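Here is the structure we will look at.
Laboratory data are not the source of any read-out in this text; all were calculated from the coordinates shown. None of these values were measured; they are calculated from a predicted model.
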């Protein structure tokens, strides 16, 4: 395809962004996290999803999509805001 540049973001560097996000989330939300967040790179989701059980909260991310959003500069909007949205929904549903 004409005009397409190859991606320079590796899966390792994209995954480092997610690892930092998870560590930061667990640190910031220490008082209300309960069970800490973790992440999983998986092709079982198209883009991103959150799986919550009684003992865990897992951010599930498609690795190809992750590379794309890190490369395009959309990591915060596409990945970090997914966790923020989870907390907002929790606050709304717990206060009803």
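Observations
- Extension gain, residue 45 to residue 13, is 9.5 nm, computed as 0.36 nm per intervening residue step minus the present C-alpha separation.
- Antiparallel %, DSSP beta bridges [both residues in the chain], to 5: 50 percent
- Nearest 10 degrees, 0 to 90: helix 81-94 Cα axis against the chain principal axis: 20 degrees
- Stokes-Einstein D (µm²/s) once Rh is taken as the Kirkwood radius of the chain over alpha-carbon pairs, at 10 °C in 1.306 mPa s: 111 µm²/s
- Mean ellipticity per residue at 222 nm, deg cm²/dmol - from DSSP H runs of n ≥ 4 across the chain, formula -39500 (n - 2.57): -14500 deg cm²/dmol
- Relative to the dominant Cα principal axis of the chain, helix 11-28 is inclined by about 20°.
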